[in-house]
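What follows is calculated from the coordinates using simple rules that are stated; it is not laboratory data. Being a predicted model, the structure only gives us computed values, none of them experimental. All Cβ positions, even for glycine, are placed from backbone atoms using ideal geometry, and neighbour counts span all protein chains on display.
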Amino acid sequence: MSKILKTVPREKAFYFFTSIGNYTGVSASSMREFMEKINEVNVKSLEFHLYRGDFEKWVNEVLQDAELAGDVRRLHGLNLSSDAIRGQLYSAVSRRFKRLTSMFSQAIV
Amino acid sequence: MKLRDNVAVLDATDLRILQVLQENSRQTYTAIGRLLGIAHSTVYDRIKRMEQQGIIKKYMIQIDTEKMGAKNITAIITVYTDPKVIEKVAEKLCDAPEVLDVYTSLSEELQIMAKVVAETQEHLHEFIANSVAPLPGVLRVRTSIVTKKFKEEQWSVVDSGRVNIYKTSV
């Protein structure tokens, strides 16, 4: 569980692009940072990565959180508007983040 | 060829030899000499000296990859960096086999421009995401994929009929 919440090295961070090869300068090295950046980054970037499956891939392979990866994957089929993508994605990640941090704090008490 | 302040000063004959070599570097000393009206031994001496001076760096071939059936894509990437690390980022890009040319520019912002080749758009994206964006000091990257190539030549040292920007010693 603590592994999922860890900060990953910069070469494994998530780099937000708006299209092929166009890096926005925004990156995230942990689930907390990922959640924060979802609210900041250009919505084009969220669309670009969501439909390519980049978010779920990073969450699954780098953060090693199969549950959140599944939640993100389910957003593909919903045909969401740009603003809804931001809201739904933020909601999925923040819900999971809160659950994990609460479980983690209970475990160490 | 003389040295002035450690810089080789080429005369008109040296420049003509370079021009002929740029057209076809497989020509014999005799053929070049005949073309320029000078002895083949002079051509040999001058070429050897220019090789030793590092003016002639290497002899290459130009490959038409399209005729080989290669479907590579070419892109020009502009990498905006923290000014303190621009040289380091440029050097890192030079190490990547996907990168053909690297330049820095002082225009509006400090930036690096690089020509990149990749097998597919996806490979290009992976290269930028995994090898360029994570470099410390990279602020953002803009990529333009080349759709059609109109001209691709190496700069010629002498262009006969036009003013040569080299100062030649006579």
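In table form, for the structure just shown:
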read-out	value
Of A:Val93, A:Val41, A:His76, farthest towards positive along the dipole that unit charges on Lys, Arg, Asp, Glu beta carbons give chain A	A:Val93
With Cα atoms, 0 to 90° folded angle of helix A:31-40 axis to chain A main axis	30 degrees
C-alpha long axis of helix A:43-52 to longest principal axis of chain A, angle in °	80 degrees
Ranking of A:Glu36, B:Glu23 by count of other Cβ atoms within 10 Å, fewest first	B:Glu23, A:Glu36
Degrees between helix B:40-52 axis and first principal axis of chain B (Cα, 0 to 90, nearest 10)	30 degrees
Distance violations [Cα-Cα > 29 Å] among B:Lys71/B:Lys151; B:Lys84/B:Lys148; A:Lys3/A:Lys37; B:Lys92/B:Lys149; A:Lys57/B:Lys92	B:Lys84/B:Lys148
Cβ-based exposure ranking for B:Ile76, A:Ile38, in which fewest neighbours within 10 Å come first	B:Ile76, A:Ile38
Range in chain B, longest, excluding exposed chymotrypsin sites (Phe, Trp or Tyr not before Pro) [loop by DSSP; at most 10 other beta-carbon atoms within 10 Å]	B:60-149
Convex hull per residue volume in Å³, alpha carbons only, for the protein assembly as shown	196 Å³
Amide H within-cut-off set for B:Thr104, under 5 Å, with H built and near neighbours excluded	B:Met113
Span from the region A:1-60 Cα centroid across to the region B:80-122 one, whole angstrom	23 Å
Per-residue mean of C-beta atoms belonging to partner chains within 10 Å, peptide B:74-86	1
